[in-house]
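Visitor: Following this message is one structure expressed as structure tokens.
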Amino acid sequence: MTEFADLSEVINRMTGGNSGNPENLFVWIDNRVDSAAANATVAGRMSSLWQYNSSMGGSGAVPTAAAIPDNTTRGGLMQSNPSGGREKWLLGNGVTCSAAGAVLLYDRLLHNGGLSGIVTTAQTVGGTLTRNTGGIGNQIWIEIYALIGATSRTITASYTNQDGVSGRTTKPALIGATGYREAQRLIMLPLQDGDIGVQAIDSVTLSASTGTAGNFGVVIAKPLGLGLIPGAGTGYWRDYLTGLPGLPKIDTNACLAFAFMANSTAAPQIMFAAGFAER
Amino acid sequence: MALADYQALKDAIEKGKQYLFTKNSQTATSTKLTTLWLTTPDAGAIPSTPAACNADTVGALFSEPKLTNLTKSYHLAQAEAGCFTTSNSSLWLIDRLCHQGGLSGTATATQTTNLPTAALTRYTDGVGVMAAIEIYAAIGTLAQTATVSYTNQAGVAGRTSKPVVIGAASDNALGRFIPIPLQDDDIGVRSVESVTPSSSTATAGNYGITLFKPLMLLPNLAVGIHAIQQRCMNPFLGGFGGSPVIDDAACLQLLAVANTSSIGIVHGAFHLAEA
């Protein structure tokens, strides 16, 4: 990793100097999924924008078997890869939004789909990470793709932690019933005590049937930055030079995707902007 | 041309240009994107036949001094804006690439009136270029959807956008600006050939297709704390990490979004760094 030396170097490269190759991307995200309105969000809970219609790549597809999405996969920001042996850095991003909430930018490292809300035995996930393979900071999310059942249950995942120890089990998280069953809902699974990351997921297990099979999947995500939208019609600028978490390095082939923490039931329309430079 | 370092940025801003702007209060639809193209002062005109827009198009910001009269390249380096409203409001700065009008809200079949859109004269490969429906006279109150047939960034014609909602109270008023999501795997637009509504919105009105390139977001001009709240923003420090070069011929305009039915009077200035 080759860090920027100082502010002057950032300014030079973000204006195209020294092969900085600045990239400014804008993407409009509509609160519709193909021809239907997106499901209402739930205040205080996360929704995935993976399937929302957008001006960059259309909308994300529902995965089946475990797969590694990358920067050419629709549903993501589809940024270019760094060239000439350089690394790519996210300098900042901005949002305007029709609803209050928060936007989480993350690298979608692995995803699968086709899991059932009525299967009560372990359901296989699998797949092998190609980015952030050490696992530190990686999170396990459940993403609902088609409505599962109305009965509230819990779900756990069996995974390999950041030290390569398999057979670890997440804390249980609620799944099923209103607010935890609709398409686009994201459910985050806390890790077993002492763990700080995920290298692989073996399986997920429901405590019992939710009553409807639907379709859900698992995402391994690496969060990169969070921005807060204080009210409908507002947004934010996030400058990673002057604010946490510092300049996020964008891995080659990263699938940069969005999650939304809602403050109401209004599914958001978002304009997202991001600035990158290479070093 | 790149800026060498922080001192060069400061020097470039000192030598650069400042462009002031004012827009009177604009009626809007709460939480929906609104064009300020027809907003006085210095309002643009309603287009009919397809036309490419440039810095000389009436309604364009940055009218004097013309960037085409200058010899350097210019980065958008600072922005300041105040909004006379107690609503939440945010602005987008866009380069309006081309536009047309004369489409009808009562059409029930594919419309090709005044289409295709004019050929792009900037960002001609279409990468990152967005298309939008822009409403010039209110269409009807029946909610319908519309898709557009377009040529994508790879030059492939016959691509079909995702449907967007038009009509009904939220998406029918003068000033509504409705960006259009693209067909899967596309990342830009070179031209739009036709518009197909799902059915009539019940009032003809007048709308058109605008192709544009976003350049900058200015969020949170007012957040209910004060009736007048000024924001000063620097893309290099505290901004979104991008400082786009402004094309010499750019037709710059503002879009706005607010959480009430009024955008409020907007005053401000853009500062360009000379590089």
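The values are calculated or read from the model by the stated rules, or taken from the named source; none is laboratory data. Every value quoted in this text rests on a predicted model; they were computed, and no experiment measured them. Note: ideal-geometry Cβ built from the backbone for every residue, glycine included; neighbour counts use all protein chains shown.
Visitor: Would region B:91-112 turn up any residue that is surrounded by fewer than 21 Cβ atoms within 10 Å (Cβ to Cβ), within 14 Å of chain A (Cβ to nearest Cβ) and under 18 Å from the mean Cα position of the chain (by Cα)? Talk me through it step by step, then tell me what you get.
Guide: Start the filter on region B:91-112 by keeping residues that are surrounded by fewer than 21 Cβ atoms within 10 Å (Cβ to Cβ), which leaves B:102, B:104, B:106-112.
Those still in the list that are within 14 Å of chain A (Cβ to nearest Cβ) too: none.
Looking through region B:91-112, none of the residues is surrounded by fewer than 21 Cβ atoms within 10 Å (Cβ to Cβ), within 14 Å of chain A (Cβ to nearest Cβ) and under 18 Å from the mean Cα position of the chain (by Cα).
Visitor: Would you check which residues across region B:23-57 are hydroxyl-bearing (Ser, Thr, Tyr), more than 30 Å from B:Thr112 (Cβ to Cβ) and surrounded by 14 or more Cβ atoms within 10 Å (Cβ to Cβ) and list them?
Guide: Going residue by residue through region B:23-57, those that are hydroxyl-bearing (Ser, Thr, Tyr) are B:25, B:27, B:29-31, B:34-35, B:39-40, B:48-49, B:57.
Then drop every residue that is not more than 30 Å from B:Thr112 (Cβ to Cβ), which leaves B:25, B:27, B:30-31, B:40.
Of everything in region B:23-57, those that are hydroxyl-bearing (Ser, Thr, Tyr), more than 30 Å from B:Thr112 (Cβ to Cβ) and surrounded by 14 or more Cβ atoms within 10 Å (Cβ to Cβ) turn out to be B:Ser25, B:Ser30, B:Thr31.
Visitor: Have a look at A:Phe272, A:Phe276, A:Phe260 and point out the one that is away from chain B (no Cβ under 14 Å), crowded, with 24+ Cβ neighbours inside 10 Å and among the aromatic types (Phe, Trp, Tyr). If you could, list the steps in order and put the result at the bottom.
Guide: Working: A:Phe272 fails: away from chain B (no Cβ under 14 Å); A:Phe276 fails: away from chain B (no Cβ under 14 Å).
Exactly one residue qualifies, and that residue is A:Phe260.
Visitor: Go through region A:63-114 and report how many residues are in contact with a helix residue (DSSP H, G or I) (Cβ under 7 Å, 6 or more places away or on another chain) and either within 12 Å of chain B (Cβ to nearest Cβ) or of a type in the set (A, V, I, L, M) (or both).
Guide: As a first pass, look at region A:63-114 and keep what is in contact with a helix residue (DSSP H, G or I) (Cβ under 7 Å, 6 or more places away or on another chain): A:84, A:86, A:91.
Then keep just the ones that are either within 12 Å of chain B (Cβ to nearest Cβ) or of a type in the set (A, V, I, L, M) (or both); that gives A:91.
Going through region A:63-114 one residue at a time, the tally reaches 1.
Visitor: Could you tell me whether A:Gly60 is within 12 Å of chain B (Cβ to nearest Cβ) and in contact (Cβ under 8 Å) with a residue 40 or more places away in the chain? So that I can check it myself, show each step before the final result.
Guide: Details: within 12 Å of chain B (Cβ to nearest Cβ): yes; in contact (Cβ under 8 Å) with a residue 40 or more places away in the chain: yes.
So A:Gly60 fits the description; yes.
Visitor: Checking B:Asp171 against (1) touching a Leu at 6+ places or on another chain (Cβ under 9 Å); (2) within 14 Å of chain A (Cβ to nearest Cβ), which test does it fail?
Guide: Of (1) touching a Leu at 6+ places or on another chain (Cβ under 9 Å); (2) within 14 Å of chain A (Cβ to nearest Cβ), only one is false for B:Asp171: (1).
Visitor: For A:Ile11, all conditions in the list (1) touching a Phe, Trp or Tyr at 6+ places or on another chain (Cβ under 7 Å); (2) modelled with pLDDT of 95 or more; (3) crowded, with 23+ Cβ neighbours inside 10 Å hold save one; what is the number of the exception?
Guide: Condition (2) is where A:Ile11 drops out.
Visitor: Which residues, taken from region B:1-28, are in a helix (DSSP H, G or I) and touching a His at 6+ places or on another chain (Cβ under 7 Å)? Break it down stepwise before answering.
Guide: At the first step, the residues of region B:1-28 found to be in a helix (DSSP H, G or I) are B:6-15.
Answer for region B:1-28, where residues must be in a helix (DSSP H, G or I) and touching a His at 6+ places or on another chain (Cβ under 7 Å): just B:Ile13.
Visitor: Only one residue in B:Leu67, B:Leu76, B:Leu3, B:Leu20 is more than 30 Å from A:Ala267 (Cβ to Cβ) and in contact with a helix residue (DSSP H, G or I) (Cβ under 8 Å, 6 or more places away or on another chain). Which one?
Guide: Working: B:Leu67 fails: in contact with a helix residue (DSSP H, G or I) (Cβ under 8 Å, 6 or more places away or on another chain); B:Leu76 fails: in contact with a helix residue (DSSP H, G or I) (Cβ under 8 Å, 6 or more places away or on another chain); B:Leu20 fails: in contact with a helix residue (DSSP H, G or I) (Cβ under 8 Å, 6 or more places away or on another chain).
None of the other options fit; the residue is B:Leu3.
Visitor: With the requirement that a residue be surrounded by fewer than 21 Cβ atoms within 10 Å (Cβ to Cβ) and closer than 28 Å to B:Ala138 by Cα, what does region B:60-83 give you?
Guide: Correct list: B:Leu61 only.
Visitor: Going through region A:220-246 one residue at a time, which ones are closer than 23 Å to A:Trp89 by Cα and hydrophobic (A, V, I, L, M, F, W, C)?
Guide: Taking region A:220-246 as the starting set, the residues that turn out to be closer than 23 Å to A:Trp89 by Cα are A:220-228, A:235-246.
Result: A:Ile220, A:Ala221, A:Leu224, A:Leu226, A:Leu228, A:Trp237, A:Leu241, A:Leu244.
Visitor: Report, by residue number, each residue of region A:234-263 that is more than 30 Å from B:Ser87 (Cα to Cα), small (Gly, Ala, Ser) and over 15 Å from the mean Cα position of the chain (by Cα).
Guide: Within region A:234-263, just A:Gly246 meets the criteria.
Visitor: Given the criterion within 18 Å of B:Thr34 (Cα to Cα) and out of contact with any helix residue (DSSP H, G or I) (no Cβ under 8 Å at 6 or more places or on another chain), identify the matching residue among B:Ala137, B:Ala118, B:Ala109.
Guide: Working: B:Ala118 fails: within 18 Å of B:Thr34 (Cα to Cα); B:Ala109 fails: within 18 Å of B:Thr34 (Cα to Cα).
Of B:Ala137, B:Ala118, B:Ala109, the one residue that is within 18 Å of B:Thr34 (Cα to Cα) and out of contact with any helix residue (DSSP H, G or I) (no Cβ under 8 Å at 6 or more places or on another chain) is B:Ala137.
Visitor: If you don't mind, there's one more thing I want to ask. Based on what the data block shows, is B:Thr31 in contact with a strand residue (DSSP E or B) (Cβ under 9 Å, 6 or more places away or on another chain), within 14 Å of chain A (Cβ to nearest Cβ) and at pLDDT 90 or above?
Guide: Answer is yes for this residue.
Visitor: Taking region B:154-188 only, how many residues are out of contact with any Ser or Thr (no Cβ under 7 Å at 6 or more places or on another chain), surrounded by 18 or more Cβ atoms within 10 Å (Cβ to Cβ) and β-branched (Val, Ile, Thr)?
Guide: Total meeting the criteria: 2.
Visitor: Please work out if A:Ala254 is part of a loop (DSSP other than H, G, I, E, B) and of a type in the set (A, V, I, L, M, F, W, C). Quick ask: steps written out before the conclusion?
Guide: Values: part of a loop (DSSP other than H, G, I, E, B): yes; of a type in the set (A, V, I, L, M, F, W, C): yes.
Yes.
Visitor: Tell me which residues, restricted to region B:174-201, are in contact with a Leu (Cβ under 8 Å, 6 or more places away or on another chain) and outside any strand (DSSP E or B).
Guide: Those that are in contact with a Leu (Cβ under 8 Å, 6 or more places away or on another chain) and outside any strand (DSSP E or B): B:Leu174, B:Gly175, B:Ser199, B:Ser200, B:Thr201.
Visitor: Here's another thing I want to ask about it. Return the total of residues in region B:121-137 being in a loop (DSSP other than H, G, I, E, B) and touching a Lys or Arg at 6+ places or on another chain (Cβ under 9 Å).
Guide: Initially, region B:121-137 is screened for residues in a loop (DSSP other than H, G, I, E, B), giving B:121-126, B:128-129.
After this cut, where a residue has to be touching a Lys or Arg at 6+ places or on another chain (Cβ under 9 Å) as well, the list is B:122-126, B:128-129.
Within region B:121-137, residues that are in a loop (DSSP other than H, G, I, E, B) and touching a Lys or Arg at 6+ places or on another chain (Cβ under 9 Å) number 7.
Visitor: Let me ask another. How many residues, within region B:61-79, are farther than 21 Å from B:Met233 by Cβ and either modelled with pLDDT of 80 or more or in a loop (DSSP other than H, G, I, E, B) (or both)?
Guide: Initially, region B:61-79 is screened for residues farther than 21 Å from B:Met233 by Cβ, giving B:63-66, B:68-72.
Imposing the further condition that a residue be either modelled with pLDDT of 80 or more or in a loop (DSSP other than H, G, I, E, B) (or both) reduces the set to B:63-66, B:70-72.
Qualifying residue count, region B:61-79: 7.
Visitor: Among strands (runs of 3 or more DSSP E) lying entirely in region A:68-187, which contain 2 or more residues that are in contact (Cβ under 8 Å) with a residue 60 or more places away in the chain and buried (at least 21 other Cβ atoms within 10 Å of the Cβ)? Walk me through how you get there before you give the answer.
Guide: Working: elements: A:88-97, A:101-111, A:139-146, A:153-161, A:173-175.
Of the strands (runs of 3 or more DSSP E) lying wholly inside region A:68-187, those with at least 2 residues that are in contact (Cβ under 8 Å) with a residue 60 or more places away in the chain and buried (at least 21 other Cβ atoms within 10 Å of the Cβ) span A:88-97, A:101-111, A:139-146.
Visitor: Need the failing condition index for B:Thr151 against (1) part of a loop (DSSP other than H, G, I, E, B); (2) of a type in the set (S, T, N, Q); (3) surrounded by fewer than 23 Cβ atoms within 10 Å (Cβ to Cβ), just the number.
Guide: Going through (1) part of a loop (DSSP other than H, G, I, E, B); (2) of a type in the set (S, T, N, Q); (3) surrounded by fewer than 23 Cβ atoms within 10 Å (Cβ to Cβ) one by one, B:Thr151 breaks only (1).
Visitor: Of the residues in region B:135-165, how many are within 14 Å of another protein chain (Cβ to nearest Cβ) and of a type outside the set (A, V, I, L, M)? Write out each step before concluding.
Guide: Within region B:135-165, the subset within 14 Å of another protein chain (Cβ to nearest Cβ) is B:143-148, B:150, B:152-154, B:156, B:159-165.
From the residues that got through so far, the ones that are of a type outside the set (A, V, I, L, M) too are B:144-145, B:147, B:150, B:152-153, B:159-163.
The qualifying residues number 11.
Visitor: When the residues of region A:234-256 are narrowed to those that are away from every other protein chain (no Cβ under 12 Å) and crowded, with 23+ Cβ neighbours inside 10 Å, which ends up nearest to A:Val103 (Cα to Cα)? Before you say what the answer is, go through the steps one by one.
Guide: Filtering region A:234-256 down to residues away from every other protein chain (no Cβ under 12 Å) leaves A:244-246, A:249, A:251-256.
Cutting the leftovers down to crowded, with 23+ Cβ neighbours inside 10 Å gives us A:254-256.
Values: A:Ala254: 18, A:Cys255: 16, A:Leu256: 12 Å.
Checking each candidate, the answer is A:Leu256.
Visitor: As an exercise: evaluate B:Ala157 against (1) part of a strand (DSSP E or B); (2) free of Cβ contacts under 8 Å to residues at least 60 places away in the same chain and give the number of the one condition it does not meet.
Guide: (1)
Visitor: For region B:230-275, give me each residue that is free of Cβ contacts under 8 Å to residues at least 60 places away in the same chain and touching a helix residue (DSSP H, G or I) at 6+ places or on another chain (Cβ under 9 Å). Let's see the steps before the verdict.
Guide: Within region B:230-275, the first condition is being free of Cβ contacts under 8 Å to residues at least 60 places away in the same chain, and the residues that meet it are B:237-242.
Residues satisfying the conditions are B:Leu237, B:Gly241, B:Gly242.
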